[in-house]
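One structure is given below, encoded as structure tokens.
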Amino acid sequence: MSNYGLEIRNPTGQLVLSSAARGLYCLGKASQYFINQSSGTSGTFTGKDSGVTKYRFTTPGPIIVAIDLPDGHYVGAIDLVEISTGVWEITLVHGTSLDSEGFITTQSYVDVWVYGVVPGSTPLGSYGLAIYNAAGDLTWDLTQPNPLFIQKVLTAAAGVGFSTFTLPALSRPVVIGFPYMYQYLDERIGANTHHITVTRGVFKRTGSSLESTFVTTHKHQFFGPEDPVGNTTDINPIMSMIVEGANLP
Amino acid sequence: MTYGLQVFNASGVKTFDSTQAMGGVCLGFYTVPGTGGTYTFTDITGANGGMVMPHALYNWAGDYTISVSPHLSFTFPSNGQVRKVALFAT
């Protein structure tokens, strides 16, 4: 470290607090905004689309998003957009079961929290620890009730797709960072007739086990060349963080 | 614990424990232009490595390289894509 400030490492030597870095903390819970269910028919040209759930949160940003992992549920990320200045819209897929085509059967809301840096206008709490950098800027405000306290990092290499992770012993594991994985599958089902299926990476927790897998987000039928055009996959590495959600707002 | 730092809130709930924490510390949020860029942190010494977390929900920010000597540095190549990321030192 420089000749000023505080650094703390965990027992394996990883940096876990530094006055030269920026502490993040939970800014609050995103509000439920929109839900719909899957619609359409997969055996048509327009096809069938997955439903989604949407959430909103207002803060200047930038933000990162933490999402609950209810036991036995499928949870996946679709999008995060700043729809107007300081208004963030989060779109997810979430549900408990899949239909025969791999779509989530019934979309339902899940708890979503937003993390970010300590806004300059946030008053210090009266209890805890506040750390400033050499310039006098507040960089860690551990007086706030829910600082980012990462308790596990999950990683998987590109191209793996299906991975199983063991979660730490937490009352309510919550994840930051979702699989960025797509599949575009071309299946010939008859003379010049194809099914196109689009899938997206999601997490599914079962007890202390967390797996990355896929759910279907779109499927349609079309008449095309006799030879399938082939499958396209985009399976990027996984790097997600696990935090305790039991005390989040 | 035998050493380290624990922080509790006024209700007695532990909100931070340096013996259980991992994943590093956030160095800030950055918007990497399509032409790429390099971000170097001279105040952070002795980092074991780095981690890149997109602002977005996903957990992949495209290709990048991380070096730790002489200072922690993240380099994003030119790929025509604007990337919004949070950078972490570990």
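How many angstrom lie between the Cα centre of the stretch B:1-74 and the Cα centre of the stretch A:45-104? After rounding, the separation between the Cα centres reads 25 Å. Close amide H partners of A:THR193, meaning residues 5 or more places away or on another chain with modelled amide H under 5 Å apart, are A:GLY224. Shielding value for A:239-246 is 4, the average number of Cβ atoms from other chains within 10 Å of each residue's Cβ. Over all Cα atoms in the stretch B:22-89, the spread is summed up by Rg and Dmax: 11.3, 33 Å.
Which residue, A:SER126, A:SER18, A:SER38, has the most motion in a Gaussian network model of chain A that connects Cα atoms within less than 10 Å? With Cα springs under 10 Å in chain A, the top fluctuation among A:SER126, A:SER18, A:SER38 is at A:SER126.
Amide H contacts of A:LEU17 (H built 1.01 Å from N, in plane; Pro and chain starts excluded): A:ILE8 sit under 5 Å, all sequence-distant by 5 or more or on other chains. Within the listed set A:THR232, A:THR164, A:THR105, the residue fluctuating most in the Gaussian network model of chain A (springs between alpha-carbon atoms under 10 angstrom) is A:THR232.
Relative contact order of chain A: 23 percent, from C-alpha pairs under 8 Å at least 6 residues apart in sequence. Remark: the stretch A:84-94, residue by residue, has Karplus-estimated 3J(HN,Hα) of 8, 4, x, 10, 9, 10, 10, 10, 10, 10, 7 Hz, where x stands for each Gly or Pro and the curve is 6.51 cos²θ - 1.76 cosθ + 1.60 at θ = phi - 60°. For A:ILE78, nonlocal amide neighbours, meaning residues 5 or more places apart or on other chains whose placed amide H falls under 5 Å from its own, are A:THR91, A:LEU92, A:VAL93.
Listed by chain and number, the aspartates and glutamates placed with their C-alpha closer than 17 angstrom to that of B:LYS84 are A:ASP79, A:GLU82, A:GLU89, B:ASP63; residues fewer than eight positions away on the same chain are left out. Which of these, B:GLY34, B:GLY24, B:GLY80, has the largest mean-square fluctuation under a Gaussian network model of chain B (Cα springs below 10 Å)? Highest fluctuation among the options: B:GLY80. Cross-link reach is defined here as a Cα-Cα straight distance under 17 Å, omitting same-chain residues fewer than 8 places apart; for A:LYS204 the lysines meeting it are A:LYS152.
Evaluated over the Cα positions of the protein assembly as shown, the convex hull gives a direction-averaged projected area, one quarter of its surface, of 18.7 nm².
The 3J(HN,Hα) values that the Karplus relation (6.51, -1.76, 1.60; θ = phi - 60°) gives for the stretch B:19-31 are, in residue order, 7, 9, 6, 7, x, x, 10, 7, 9, x, 9, 9, 10 Hz. Gly and Pro appear as x. The phi-based Karplus calculation (6.51 cos²θ - 1.76 cosθ + 1.60; θ = phi - 60°) puts the 3J(HN,Hα) values of the stretch A:208-213 at 9, 10, 10, 10, 9, 8 Hz, whole numbers, x for Gly and Pro.
Only the coordinates and a few stated rules stand behind these numbers; no lab work does. In this text the structure is predicted, and so the values were computed from the model without any measurement. Note that we place each Cβ from the backbone using ideal geometry, even for glycine, and neighbour counts take in every protein chain shown.
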